[in-house]
Amino acid sequence: MWAKDHVYGDQVLLVVAVVSASSMTDDHEVKPRQYAAGGVPLCLVVDAFARKVRLLSQPGADGYERETDVALGRPLDLPEPWKLTIDTAALAE
């Protein structure tokens, strides 16, 4: 069922989705629910259209329980296991 290059969700520490005009619903709603159900601890959604970055954490069966939004260009702190700050201004370039 799984090819050698497939990855299980519980082996992924962070997923990043970059929103495009044609994928807004998928990137903001569908994919995060699937990532959370798969056990991915962090999901970062970069939305240049809305000028924001969303960090979703604490995955559960119905989606992520915690959401942190910052304006694109503001710093964003990632929790463990990363424990670092992202300069989101660099994501808009």
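If Val7 passes every condition in (1) without any contact (Cβ under 8 Å) to a residue 12 or more places away in the chain; (2) assigned to a strand (DSSP E or B); (3) of a type outside the set (Asp, Glu) but one, which one does it miss?
(2)
Looking only at the stretch 56-78, how many residues end up being closer than 16 Å to Gly39 by Cβ and within 14 Å of the chain's Cα centre (by Cα)?
Let us first name the residues in the stretch 56-78 that are closer than 16 Å to Gly39 by Cβ, namely 56-66.
Add one more test, that the residue is within 14 Å of the chain's Cα centre (by Cα), and what stays is 56-59, 63-66.
Residues flagged as closer than 16 Å to Gly39 by Cβ and within 14 Å of the chain's Cα centre (by Cα) within the stretch 56-78 amount to 8.
Scan the stretch 59-93 residue by residue and report those that are of a type outside the set (A, V, I, L, M), assigned to a strand (DSSP E or B) and without any contact (Cβ under 8 Å) to a residue 12 or more places away in the chain. Show your work before the answer.
Taking the stretch 59-93 as the starting set, the residues that turn out to be of a type outside the set (A, V, I, L, M) are 59-60, 62-69, 73-75, 77, 79-83, 85, 87-88, 93.
Right, trim to assigned to a strand (DSSP E or B) and you get 59-60, 63-69, 74-75, 77, 85, 87.
Within the stretch 59-93, Glu65, Arg66, Asp77, Thr85 meet the criteria.
In the stretch 59-84, what residues are closer than 14 Å to Leu14 by Cβ and either in contact with a strand residue (DSSP E or B) (Cβ under 7 Å, 6 or more places away or on another chain) or at pLDDT 95 or above (or both)?
As a first pass, look at the stretch 59-84 and keep what is closer than 14 Å to Leu14 by Cβ: 59, 64, 68, 76-84.
Tyr64, Thr68, Leu76, Asp77, Leu78, Pro79, Leu84 - these are the residues of the stretch 59-84 that are closer than 14 Å to Leu14 by Cβ and either in contact with a strand residue (DSSP E or B) (Cβ under 7 Å, 6 or more places away or on another chain) or at pLDDT 95 or above (or both).
Of the residues Ala21, Ala48, which is out of contact with any Asp or Glu (no Cβ under 9 Å at 6 or more places or on another chain) and touching a residue at least 40 places away in the same chain (Cβ under 8 Å)?
Numbers: Ala21 fails: touching a residue at least 40 places away in the same chain (Cβ under 8 Å).
Going through Ala21, Ala48 in turn, just one is out of contact with any Asp or Glu (no Cβ under 9 Å at 6 or more places or on another chain) and touching a residue at least 40 places away in the same chain (Cβ under 8 Å): Ala48.
For every residue, the table says whether it meets (1) buried (at least 17 other Cβ atoms within 10 Å of the Cβ); (2) basic (Lys, Arg).
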{"position": "Val30", "(1), (2)": "no, no"}
{"position": "Arg54", "(1), (2)": "yes, yes"}
{"position": "Gly63", "(1), (2)": "yes, no"}
{"position": "Thr68", "(1), (2)": "no, no"}
{"position": "Ala71", "(1), (2)": "no, no"}
{"position": "Leu78", "(1), (2)": "yes, no"}
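The values are calculated or read from the model by the stated rules, or taken from the named source; none is laboratory data. As the structure is a prediction and not an experimental result, all values here were calculated from the model. All Cβ positions, even for glycine, are placed from backbone atoms using ideal geometry, and neighbour counts span all protein chains on display.
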